[in-house]
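Have a look at the structure below, then the notes.
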């Protein structure tokens, strides 16, 4: 049995690992990655000699996929959780603790929004439960549009936008409710009389999203987790345990299915193409690559994937001597609301948030990271690295009073790194999966499907592999 996995990010490596578990040691598993390294939008660099993540930095620890995978790989001891420091939010020119009692920025009846919203904004939130609600079950709408209609602009701009902007690198007005907060949409479908009541219901932890093999889980314990040593530890362990033949700097240009059911993958330049044959193919690549590869073999899936946009972003990581920082931040980080006169959208004070990165636990250096860039704002990133660093340092001076010269800097650009979950995203993904399901030996996985976080990527990878293997095991017709 030979299976090709296209894409060497977390989805592709998790797929390769699951393939090995299901097919055994005799199977040939090949991972094709167009970049010069594995990991996709997960990357760990050595920032002043200490492993530091400059892609995703954490995962939802209350979803079981990553803890279970760590246990399977013998990496449970590497799991760490944030300390007690709380995040802050910068809105209306002031930095305040992040409001409590919201569902990803959607107010519940327990929300405490003083200090972030104006008196008029607070009054709009208080009045929402008593306003008539018109909701069509099964429908979808812009999350920003819903919040503006029900609570006013301040909730959308000052709370929800900064919270979700870091997750999707997009504006709240461009995100679809059903894809980004499915629990809220389900509560509205179930007849919640107001958005506040729906947020109350969703916040109680009822697992409400079910689509095929996917289901939200809710558990107790720390919300977030990370890895001592960075995501590099997980990526290397998956690659090793999978026993896959990994080919870097390899681009798949075409995909064909033969009359006998084999898959032919066209690699390399047009002047010297290489053909790789496989029994099955798992696509763990961004949506534009799915569209390009499936255009000739599953056109319906290609068309749906082609409707998914991508956003670019930048992470700037910096290290400072602790003695050079007059007042060390006490918060775990800061989110920046829409309309602030700042370049960054968020900063994580990593040495405060994570105990294993504290200066006392490492080398006396304070490390942090800032992110820039949102969907549709590409011109803001079309400057050189020195200018991006200068903008970040200016914002850190404003937000945290940090004016010292950093001793180490790393600029990580993520071109088209994050898919946008726009209105109707669920229908597009359903179309992709339905079309692909009818083709034996083919499956898709990745962040474009059912969530951009690492647990969701692992979940889609395992489900894709299990469907492929089950189809391969069926007797020939």
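The values are calculated or read from the model by the stated rules, or taken from the named source; none is laboratory data. None of the values given here were measured: they were computed from a predicted structure. Cβ atoms come from the backbone with ideal geometry, glycine included; neighbour counts cover every protein chain shown.
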(request) Check 191, 225, 205 and return the single one that is outside the structural domain of residue 466 (by TED's automatic domain parsing), over 30 Å from residue 357 (Cα atoms), at pLDDT 95 or above and not in a helix (DSSP H, G or I). (result) 191
(message) Condition check: in contact with a helix residue (DSSP H, G or I) (Cβ under 8 Å, 6 or more places away or on another chain), in contact (Cβ under 8 Å) with a residue 24 or more places away in the chain, surrounded by 13 or more Cβ atoms within 10 Å (Cβ to Cβ) and not in a loop (DSSP other than H, G, I, E, B). Does residue 276 satisfy that?
(response) no
(message) Anything in the range 361-399 that is in contact (Cβ under 8 Å) with a residue 40 or more places away in the chain and either more than 30 Å from residue 174 (Cα to Cα) or not assigned by TED's automatic domain parsing to the domain that holds residue 50 (or both)? List them, or say none.
(response) 362, 363, 364, 365, 366, 367
(message) Out of the residues in the range 368-379 meeting the condition of being within 11 Å of residue 314 (Cα to Cα) and touching a helix residue (DSSP H, G or I) at 6+ places or on another chain (Cβ under 9 Å), tell me which one is surrounded by the most Cβ atoms within 10 Å (Cβ to Cβ).
(response) 370
(message) Can you confirm whether residue 32 is in contact with a strand residue (DSSP E or B) (Cβ under 7 Å, 6 or more places away or on another chain), closer than 30 Å to residue 242 by Cα and outside the structural domain of residue 164 (by TED's automatic domain parsing)?
(response) yes
(request) Search the range 112-121 for residues being in contact with a strand residue (DSSP E or B) (Cβ under 7 Å, 6 or more places away or on another chain) and farther than 16 Å from residue 161 by Cβ, and hand back the single one that is modelled with the highest pLDDT. (result) 112
(message) Test of understanding: among 343, 351, 312, which residue is in contact with a strand residue (DSSP E or B) (Cβ under 9 Å, 6 or more places away or on another chain) and part of a helix (DSSP H, G or I)?
(response) 351
(request) Go through the range 129-148 residue by residue and tally those that are surrounded by fewer than 20 Cβ atoms within 10 Å (Cβ to Cβ) and assigned to a helix (DSSP H, G or I). (result) 4
(request) Give the range 388-412 a look and list any residue that's touching a helix residue (DSSP H, G or I) at 6+ places or on another chain (Cβ under 7 Å) and surrounded by fewer than 21 Cβ atoms within 10 Å (Cβ to Cβ), or say none. (result) 403, 404, 409, 411
(request) Identify, from the list 448, 464, the residue that is more than 22 Å from residue 27 (Cα to Cα), touching a helix residue (DSSP H, G or I) at 6+ places or on another chain (Cβ under 9 Å) and at pLDDT 95 or above. (result) 448
(request) List the number of the failed condition for residue 21; all other conditions in (1) touching a residue at least 12 places away in the same chain (Cβ under 8 Å); (2) under 21 Å from residue 463 (Cα atoms); (3) surrounded by fewer than 18 Cβ atoms within 10 Å (Cβ to Cβ); (4) over 19 Å from the mean Cα position of the chain (by Cα) hold. (result) (1)
(message) Take residues that are over 21 Å from the mean Cα position of the chain (by Cα) and within 24 Å of residue 280 (Cβ to Cβ) and tell me which of the helices (runs of 4 or more DSSP H) falling wholly in the range 357-464 contain 3 or more.
(response) 425-437
(request) Could you please let me know if residue 105 is on the phi > 0 side of the Ramachandran plot and crowded, with 19+ Cβ neighbours inside 10 Å? (result) yes
(request) Taking the options 290, 266, 282, name whichever one is at negative phi, surrounded by 23 or more Cβ atoms within 10 Å (Cβ to Cβ) and in a strand (DSSP E or B). (result) 282
(message) Restricting to the range 165-175, give me the number of residues that are within 14 Å of residue 147 (Cα to Cα) and crowded, with 24+ Cβ neighbours inside 10 Å.
(response) 2
(message) Among the residues of the range 325-345, are any closer than 30 Å to residue 77 by Cβ, crowded, with 19+ Cβ neighbours inside 10 Å and at pLDDT below 95?
(response) yes
(message) With the requirement that a residue be surrounded by 14 or more Cβ atoms within 10 Å (Cβ to Cβ) and in a strand (DSSP E or B), what does the range 87-102 give you?
(response) 87, 88, 89, 90, 91, 95, 96, 101, 102
(request) Identify the single condition in (1) touching a residue at least 40 places away in the same chain (Cβ under 8 Å); (2) outside any helix (DSSP H, G or I); (3) out of contact with any helix residue (DSSP H, G or I) (no Cβ under 6 Å at 6 or more places or on another chain) that residue 46 does not satisfy, given that it satisfies every other one. (result) (1)
(request) Search the range 284-299 for residues that are without any contact (Cβ under 8 Å) to a residue 40 or more places away in the chain and pair each with any residue that is surrounded by 24 or more Cβ atoms within 10 Å (Cβ to Cβ) and outside any loop (DSSP other than H, G, I, E, B) when their beta-carbon atoms are under 6 Å apart and the residues are at least 6 apart or on different chains. (result) 291/305
